[in-house]
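Q: Pasting in a structure now, in structure tokens, and then I'll have a few things to ask.
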Amino acid sequence: MKTFEKPHQQQPFYKGKSAAQLDPGAPAALQGHGRIVSSPDERLILVDRDDQPLGEADKLNCHLGEGRLHRAFSLHVINSKRELLLQCRSEKKMLWPGFWSNSCCSHPRAGETIEDAVHRRAHEELGLSLEVEYLYKFQYKARYLNIGTENELCSVFVGYSDDHPIPNPDELSDWRYLTIDELDRRLASAPGHYTPWFRMEWARIRSDFLQIFEQYQ
């Protein structure tokens, strides 16, 4: 198991669409920015270590106990100042509430592609419509207290935007842009303030993908 692997120019599928059009199969309570956009009953995609689907399970059961390996993603948003957008997770989160993390992280729902899920959650959590690029995929497992576990096969994406985020308060409580040096200093001084997956991803990005900060013109 690994513990750590220019935006596309086509017209994004989500441009000009309402939240309901983005995911017409979701319950009304899950549609729209600024409202509840996730539920413990959401059906997630169980996978093996090769990312082959094995079935479905609700989000709560995917995270209880030792967790069940499921498909997930992390998005890192960069602006033209070469700063990375971080979010502070809402205190309502079951796992790692109030911790700082990458711009957006979540899961595709059953029947949804991972790319569509990235665009959907960027809109739902941050109010952002942006192009994204796939970087790498890794598997990790991290337990939070005695509450539950993240057990994910996570695809990591980068996106580029200078738009001002419009945070969904049910998903995040704060946000900020940091330079590479600022982020390095904060992680070195207080690593326990950040989610484990973000620390793993930043180590990999720092070593292998720093060129992404040069691509936004």
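Q: Please verify whether residue 129 is in a loop (DSSP other than H, G, I, E, B) and in contact with a helix residue (DSSP H, G or I) (Cβ under 7 Å, 6 or more places away or on another chain), treating the condition exactly as stated.
A: Yes.
Q: Continuing with the same structure: Filter region 48-88 for residues that are among the polar types (S, T, N, Q) and closer than 21 Å to residue 108 by Cα and give the result.
A: The answer is 52, 61, 74, 87.
Q: Answer yes or no as to whether residue 197 is in a helix (DSSP H, G or I) and closer than 13 Å to residue 99 by Cβ.
A: yes
Q: Based on this model, can you work out whether residue 173 counts as touching a strand residue (DSSP E or B) at 6+ places or on another chain (Cβ under 9 Å), within 15 Å of residue 88 (Cβ to Cβ) and outside any helix (DSSP H, G or I)?
A: Yes.
Q: Return the residues of region 37-68 that are in a strand (DSSP E or B) and out of contact with any His (no Cβ under 8 Å at 6 or more places or on another chain); say none if nothing qualifies.
A: The answer is 43, 53, 54, 55, 56, 58.
Q: Only one of these conditions is not met by residue 121: (1) within 28 Å of residue 41 (Cβ to Cβ); (2) more than 12 Å from the chain's Cα centre (by Cα). Which number is it?
A: Among (1) within 28 Å of residue 41 (Cβ to Cβ); (2) more than 12 Å from the chain's Cα centre (by Cα), residue 121 violates only (2).
FYI, it's all coordinate maths here, none of it is from the lab. Since the model is a prediction, treat every value here as computed from it, not as a measurement. Backbone-built Cβ (ideal geometry, glycine too); neighbour counts: all protein chains shown.
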